[in-house]
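Some notes on the structure that comes next.
The values are calculated or read from the model by the stated rules, or taken from the named source; none is laboratory data. Just so it is clear, the model here is predicted, and its values are computed rather than measured. Every residue, glycine as well, gets a Cβ built from its backbone with ideal geometry; the counts of neighbours run over all protein chains shown. Quick note on the areas: whole protein, heavy atoms, side chains included, nothing else; ligands and nucleic acids left out. Shrake-Rupley method; radii C 1.70, N 1.55, O 1.52, S 1.80 Å.
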Amino acid sequence: MNEEIKVLETYEQAVLERFPDWVRVDEREGYQGLLVESANLLPLMSDLRDELGYDLLTSLTGVDYLPEEKMEVVYHLFRSTGGAILEIKVQIPRSNPVVPSLVGLYPGAAFQEREAWDLLGIKFEGHPHLKRILMWEGFSGHPLRKDWQEVFYGDEKKPYEDRWPKGKTKKIEADNPYQENIAYPEGFNPETWIPEPAEFLFKGSIPLEQEEEFDTEKLVVNLGPQHPSTHGVFRMVATLDGETVVDLEPVMGYLHRNHEKIGEKNTFAMNMPYTDRLDYFCSMSNNFGYALAVEKLLGEKYHPPERAQYIRVIMAELTRVLNHFMAIGFFLNDLGAYFTPALYTIKERELILDIFEAVAGSRMMCNYFRFGGVVRDLPQGMEEHIREMAYERLPRQIDELDRYLVENEIVVSRGQGVGVLTPEQAIGLSAAGPVLRASGVPYDIRRADPYSIYDRFDFDVAVRYHGDVYDRFLIRFDEIRQSIRILQQAIDSIPQGEVLANKPAYKFKMPVGEAYGRVEGPKGELGFYVVSDGTDNPWRYHVRAPSFINLTGLRQMCLGEKVADLVAILGSIDIVLGEVDR
Amino acid sequence: MPDELNKPEYNIPPELEGTVAITTLDRIYNWGRRYSVWPMFFGLACCAIEMIATAGARFDLARFGMEIMRPSPRQCDLMIVSGTVTKKMIPQVVRLYNQMPEPKYVLSMGACACGGGPFKRGYNVIAGVDKYIPVDVYVPGCPPTPQALLYGLIKIQEKIDKESVKEVRWYQKEEDPGIPVPILGPDLIDLRDFPELLERVTQKEDQA
């Protein structure tokens, strides 16, 4: 293992040697990666992708360095064959933040660049549809800029002094003229203001004109945001020719809860419960990713003790089982088997939630992980309970579901050959997790870049090769089985001992620097990019949400399919809106 | 015939107990409605998952006659606002509320829908759905447990019990105009605030 990492480190050197004029090492304290001028970005990236094999652009984000009057765009690159990170950064002046768009090289950058434009106001030259993605078109300002203040703005950072002036509570609404969370820009006149036309949303690349030869009209069909099959408040605008989808525009942001802006005001420890609410099925995995990222910043002192490592793995794998059970149930819902399969899977979820409630005190929002371990030990008898689940209950239930569902004729005929994503497309579109692996790319972070103690367990990376809806459905069964294997090994070898490396604390002495921590969440790569300026609060806090980035491929999967398959394709990606919109 | 329908003042002969009920119009009207409250199948955020769990086998919403979740607002009696209401979503929520036929009830589920919750200071978050639509029952929690949601639903039933045909708003003469749907401008524009907003702008222009 170590040997491979060494080779990769020399690869970073190789990049330096290959382009001595273009890149330089980021020498700021606590930072890593390579800096490049925006003019050289495109040739560098194209060479990295084609020659050095960095074909997976997993994360793209921006950071606003207000004191230095700079914006920085951060690219996190990996190789789809596995290995460590390569971080590329571009610094641009804050007054005119323009970088070339990478959509041509990495189509998976499309949504992330739109997000960076929406929230930070970074322009990506050459992006085909550079419009807002989370907020609506016409919203004033770019909220994640450091000098943009929200309406309920009082103090810079938590804990807020303005809530308790002289020991009395004060409602923040009282300061606002409308007593609500609303502010209008200077010079806004509601009488002369013209709203953005609705067509702007679904103005796709294909014109809605009649064809000359045949008298067929194209039709725009809107699904959502209130639609029972969109798994929340997601919206798809499909252009149809007959029943065939010729264009599709995903519209999101209906659950944009400003996770990152709030995260920058919280202290590091305060963000832990907020991560629960990202992907609200998998709060334990979300905790895991965030804890890993901050532990990277904090250094060796906060390395979790052995027992905590095992508890973390057990909880993360239980989460994966839970999430895939629910994904299977809801997918069958989407196919029309309304609620009966889901009832079976909800039953298993309840049993796993009982474990979470016992260890963390809450069913869904566990807030169980801490920097350097977990908050408390397993309660008495819990190990036995988990052992019974891992050896008896879960294997039996997954076999039962397998028997009922997998060879079901309707599932097979609606799934096979529908919504195909080839391996090349999946990698290009930065897909992650089951979506990527169902397309035949055996990329699992637990193997490709092991974190925590995953290198100790014996398990197979689930992979399927057709890339269609049916394979994305089957791979969830495979992954549950592998997770159960890990659970069995972990519960058998869990040692006794401490569960927290340090004393419980509210504040941590944070070194200056950046860290990118990632875990293989149930839905794909869940990454947290944290920048610390040495204070109690993160300077930048970015979430690389797998559901959000997996949706980049939705259009590709849907083109040429029938309108009735849209819902099945969306169900097979398994999105959670809390994570898509954050 | 359940005995709960009987009006206590009337004595029913022992041989007819359980088959005949002497009741009032209000009682039988409310009794029919309270056991067939159809919620809207409409999830906003995390709380929606607990709402689905409530419909699952362990908590079993069907015991209250509420298991028929309808995705269309035209067929619903109860809107469970399950999760954070954002500015981008509120036009749809208000529109859905307007589309529901009377009698209609709103249950605000979770801290976010009740008052913004942990996301209250967010720039895209509405600090409570009651700023736009009238809420009948608030269920706190983040997210509320299924038990808490069931308790809230029982409170809706109790509220239904207390209503009278003579006074309910859907049998009044004046027509309900509905709530104006907010518009997404540079920020959310609430049309009920429009006069005030205009006044402010003109004041500013006068000063300048």
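Listed conditions (1) in a helix (DSSP H, G or I); (2) closer than 30 Å to residue B:88 by Cα are all met by residue B:186, apart from (1). Note on segment A:352-382: residues that are of a type in the set (Val, Ile, Thr), within 14 Å of chain B (Cβ to nearest Cβ) and in contact (Cβ under 8 Å) with a residue 40 or more places away in the chain amount to 0.
Checking residue B:110 against (1) touching a strand residue (DSSP E or B) at 6+ places or on another chain (Cβ under 7 Å); (2) at negative phi; (3) touching a residue at least 24 places away in the same chain (Cβ under 8 Å); (4) open to solvent by less than 10 Å² (accessible area, probe 1.4 Å), only one condition comes out false. Which one? Failed condition: (2). Selection of segment A:442-461 for residues being among the β-branched types (Val, Ile, Thr) and open to solvent by 10 Å² or more (accessible area, probe 1.4 Å) yields only A:461. Where helices (runs of 4 or more DSSP H) sit wholly within segment A:337-418, those with at least 3 residues that are more than 30 Å from residue A:273 (Cα to Cα) and assigned by TED's automatic domain parsing to the domain that holds residue A:327 occupy A:394-405, A:409-415. Only one entry of A:337, A:360 meets the criterion of being among the hydrophobic types (A, V, I, L, M, F, W, C) and surrounded by 22 or more Cβ atoms within 10 Å (Cβ to Cβ), and that entry is A:360. Restricted to segment A:70-180, the set of strands (runs of 3 or more DSSP E) holding at least 3 residues that are among the aliphatic types (A, V, I, L, M) and either open to solvent by less than 20 Å² (accessible area, probe 1.4 Å) or modelled with pLDDT of 85 or more (or both) comprises A:70-78, A:86-93. When segment B:60-79 is filtered for residues that are at negative phi and either without any contact (Cβ under 8 Å) to a residue 40 or more places away in the chain or facing chain A (nearest Cβ under 9 Å) (or both), the ones remaining, listed by number, are B:62, B:63, B:67, B:68, B:69, B:70, B:71, B:72, B:73, B:74, B:75, B:76. Among the residues of segment A:401-441, those identified as open to solvent by 10 Å² or more (accessible area, probe 1.4 Å) and charged (D, E, K, R) are A:402, A:403, A:407, A:409, A:414, A:424. Among the residues of segment B:22-50, those identified as away from every other protein chain (no Cβ under 12 Å), under 17 Å from the mean Cα position of the chain (by Cα) and open to solvent by 10 Å² or more (accessible area, probe 1.4 Å) are B:33, B:34, B:35, B:36, B:38. Evaluated against (1) more than 30 Å from residue A:507 (Cα to Cα); (2) modelled with pLDDT of 85 or more; (3) assigned to a loop (DSSP other than H, G, I, E, B), residue A:236 falls short on exactly one condition, (3).
So that you can scan it fast, the table gives a plain yes or no per residue for (1) facing another protein chain (nearest Cβ under 10 Å); (2) in a loop (DSSP other than H, G, I, E, B); (3) in contact with a Phe, Trp or Tyr (Cβ under 8 Å, 6 or more places away or on another chain):
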{"position": "A:249", "(1), (2), (3)": "no, no, yes"}
{"position": "A:253", "(1), (2), (3)": "yes, yes, yes"}
{"position": "A:261", "(1), (2), (3)": "yes, no, yes"}
{"position": "A:269", "(1), (2), (3)": "no, yes, yes"}
{"position": "A:281", "(1), (2), (3)": "yes, yes, no"}
{"position": "A:285", "(1), (2), (3)": "no, no, no"}
